[in-house]
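Here, each number is a calculation from the coordinates, and none is a lab measurement. Because the structure is predicted, anything quoted here is derived from the model rather than measured. Here the Cβ is made from the backbone with ideal geometry for all residues, glycine too, and neighbour counts use every protein chain on show.
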Amino acid sequence: MIDASRDISHLAPPADRELVQMLPAEAYTSDDVLTWERRHLYAGAWTCLGRVDDLFPPEGTVTQRAVRVGDVSCLVVRAGDGVNLFANTCRHRGHELLPLDGHSGGESTKRMISCPYHAWTYDLSGRLKGAPGFREVESFSFEDHGLVELPAEVWNGWVFAHAAHPVGAAEVPPFERYVGDLARMLAPYDIGSLVVADRHTYEVAANWKVIAENYHECYHCPLIHPELCQVTPPDSGDNYDLPGTWIGGGMVLRDGMASMSLDGSLAATPLPGVNPTAVEYLHLLPNLLVSAHPDYVMTHRMVPLAPGRTWVECSWLTLPSAAASGAPGAVEFWDITNRQDWAACESVQRGLESPHFRPGPFAPREDAVAQLVSMIGAAYRSGGLSA
């Protein structure tokens with residue numbers, strides 16, 4: 001049986017090395033390690049579930065949806081302008097309230113939550129309202145058998161969930177401290193007011209950490225990203241070291257370039273109040289990558305499917321007035337760049353599976369990757385991510 005509580009601290013790179021090195025191959029190829037990460041880095045941190053409007057389309061009637069957060073089956077429920085999150089398990093005998101297949105599952109338009117096994121029924125705040133046959137049982141308390149509520153936050157139009165502990169538990173990282181200075185970095189982009197102009201999904205034959213590591217450096221850009229290097233110098237910008245459970249850095253556009261597109265022209269209406277020459281590459285751990293441009297914000301949301309397989313949702317967000325056009329210049333540019341990255345990541349994954357792989361050191365220009373690996377290594381030692 002795979003054990004999510006096993007000790008994997010031995011996989012953390014030595015903290016006293018002058019040069020930080022990669023994690024050992026087991027961290028990228030082992031079912032046991034991914035099981036631990038699903039519990040402690042995904043369920044046990046703050047995982048992005050997607051945009052509110054994707055989970056609950058404004059023009060629709062969906063009130064509840066089954067989702068997987070790490071290794072925990074959850075029920076996310078529309079609650080006015082926000083959301084509630086519950087364990088997707090009936091308080092009677094544990095049947096799923098909505099079916100879950102893979103990382104997403106069933107949805108419902110009902111105003112009550114009903115278990116399909118024995119018809120226990122809850123309102124959308126999780127209170128038990130109906131339990132057939134128990135009205136006559138004097139010792140039974142409806143108040144004691146509500147759904148287990150889990151922490152959820154809506155931030156910048158995304159829904160974030162913590163699924164390892166219930167609301168109020170001391171182990172839940174405070175969301176504002178977890179996000180830290182990332183809130184200030186993204187404030188000029190007003191991402192909560194943006195809408196999805198286009199979206200692609202990919203299934204990449206690589207570990208989610210390989211994808212994240214690739215995202216955090218442009219050491220590889222001159223070799224595999226000719227289109228990107230035409231619009232931004234690969235050695236431009238710098239990385240940040242600021243409070244919060246995130247890492248990242250900025251780059252600058254070449255003179256005469258207005259955005260990241262194949263010809264450097266704007267792909268959408270410029271976002272008011274943002275730096276017209278800067279591009280930010282930011283990662284809120286574990287699974288949300290935010291690339292902020294002068295005219296659009298691109299995100300990658302990662303869901304690990306297996307040690308060597310990751311589902312990636314890539315979304316392009318623009319001002320509502322520009323969304324109908326779909327930002328094709330940005331979409332085409334980044335689809336090319338994404339596929340170049342996926343090929344490199346898949347090659348790395350194959351190399352990690354070789355019996356001859358040994359962790360190598362990170363170059364000075366890979367300092368953000370070193371920071372990422374150090375954060376994950378610290379989580380391996382301590383049992384989870386922390387701000």
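Quick notes
- Backbone HN-Hα couplings from phi across region 182-191 [Karplus 6.51/-1.76/1.60, Hz, Gly and Pro as x]: 4, 4, 5, 4, 8, 3, x, 7, 6, 5
- Unit charges on C-beta of K, R, D, E only; dipole of the chain, Debye: 800
- In sequence order, calculated HN-Hα J values of region 246-254 (Karplus, 6.51, -1.76, 1.60; Hz; x Gly/Pro): 8, 9, x, x, x, 10, 10, 7, 5
- Cα centroids of region 155-213 and region 320-385: 16 Å apart.
- Alpha-carbon centroid distance for the pair region 1-50 / region 94-135, whole angstrom: 33
- Loop-resident sites, region 79-150, for GluC sites (Glu not before Pro), counting at most 14 other Cβ within 10 Å (DSSP): 136, 138
- In this label model, residue 110 and residue 255 are separated by 6.6 nm, measuring between points 7 Å along each Cα→Cβ vector.
- Choice from 348, 137, 148 with maximal GNM fluctuation in the chain (Cα, 10 Å cutoff): 137
- Efficiency of FRET between residue 18 and residue 229 - r from beta-carbon atoms, R0 22 angstrom, step 0.05: 0.15
- Stretch in the chain that is longest and holds no chymotrypsin sites (Phe, Trp or Tyr not before Pro) that DSSP places in a loop and that have at most 16 other beta carbons within 10 Å: 220-356
- Selected from 189, 375, 112, residue furthest toward positive end of dipole (the chain; charges at beta carbon): 112
- Positive-end residue of 47, 258, 248, charge dipole of the chain with Cβ unit charges: 47
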